[in-house]
1. Just how far, in whole angstrom, is the stretch 60-109 from the stretch 157-185 if you go by their alpha carbon centroids?
2. Can you list the residues, at least 5 places off or on another chain, whose amide H is less than 5 Å from the amide H of Val183, using H built in the peptide plane?
3. Just to check I understand the Karplus step: with θ = phi - 60° and J = 6.51 cos²θ - 1.76 cosθ + 1.60, what whole-Hz values come out for the stretch 72-86, glycine and proline as x?
4. Name the residues whose placed amide hydrogens come within less than 5 Å of the amide hydrogen of Phe111, ignoring near sequence neighbours (fewer than 5 apart) on the same chain.
5. In terms of Cα to Cα distance under 13 Å, which aspartates and glutamates are near enough to Lys47, apart from those fewer than 8 places away along the same chain?
6. Just to verify a number: FRET efficiency for Ser143 and Phe43, C-beta to C-beta distance, R0 = 22 Å, to 0.05?
7. Name the GluC sites (Glu not before Pro) in the stretch 120-185 that are in a loop by DSSP and that have at most 16 other C-beta atoms within 10 Å, would you?
8. Could you give each residue of the stretch 156-168 its phi-based ³J(HN,Hα) in whole Hz, using Karplus coefficients 6.51, -1.76, 1.60 with θ = phi - 60°, and x for Gly or Pro?
Amino acid sequence: MIASPPRYRRVKVALCSILALASFLTPQAHAESEYDVKAAYLFKFTKFVEWPASAFANPQASFVIGIVGRDPFGGGLDRILEGQRTGERQLEVRYLSAGDSAGQRGCQMIFVSASEERKLPDLLSALQGRPVLIVGESEGFASAGGMLGFALRQSRLGVEVNSGAARQARLKISSQLLNIANVVN
């Protein structure tokens, strides 16, 4: 058997990664609830975004996902993340109020539930320039300054990306995620 040249192997690996992400991001609506799908997205985002080392208190620190507002997951996020890791980091979920700046300090990702939509400007201001991925589910969330927003497209859940906001927070979004998302800036 003849080995593939390195360039073709890289292309094959990239295509397989894109197909794996795309299949994960387009689940059948009848198979899972909306919030189970969104919880799975949050887990996958940890794999397709790069955080600077300064986002963590130390090399052993957990990767923390903060939920701001009413918990729409009903424990689903905790179930999906149980025992999971992103790289070498254990995943942890924290439940926060919009004004909980002390709790937000230890988070690498924050999910803003629809119940907190009106508080988004204050939250964005409090987190400005910090390496925190801000994800939301409100209509136009990414256009309003959030980094990743869930959007319904042709009866399927999709993602909108505000790459400018992510760059300001010193986060690098994988081209694999950018290729299948709707970039709004």
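Read-outs throughout are calculated quantities, based only on the coordinates presented, and are distinct from any laboratory measurement. Just so we're clear, the structure is a prediction, and the values are computed from it rather than from any experiment. In this analysis, Cβ positions are derived from the backbone assuming ideal geometry, glycine residues included, and neighbour counts consider all displayed protein chains.
1. 20 Å
2. Val161
3. Working through the residues one at a time gives x, 7, x, x, x, 5, 4, 5, 5, 8, 4, x, 7, 10, 10 Hz.
4. Answer set, sorted by chain and number: Gly66, Ile67, Val68, Val135.
5. By straight Cα distance, Lys47 reaches Glu88.
6. On the way: r = 24 Å, r/R0 = 1.11.
For R0 = 22 Å, the calculated efficiency reads 0.35.
7. Values: sites: Glu137, Glu139, Glu160; in loops: Glu137, Glu139.
Of the GluC sites (Glu not before Pro), the ones in loops of the stretch 120-185 whose Cβ has at most 16 other Cβ atoms within 10 Å are Glu139.
8. For the stretch 156-168, the Karplus-derived couplings read 10, 7, x, 10, 10, 10, 10, 5, x, 5, 5, 4, 4 Hz, x marking Gly and Pro.
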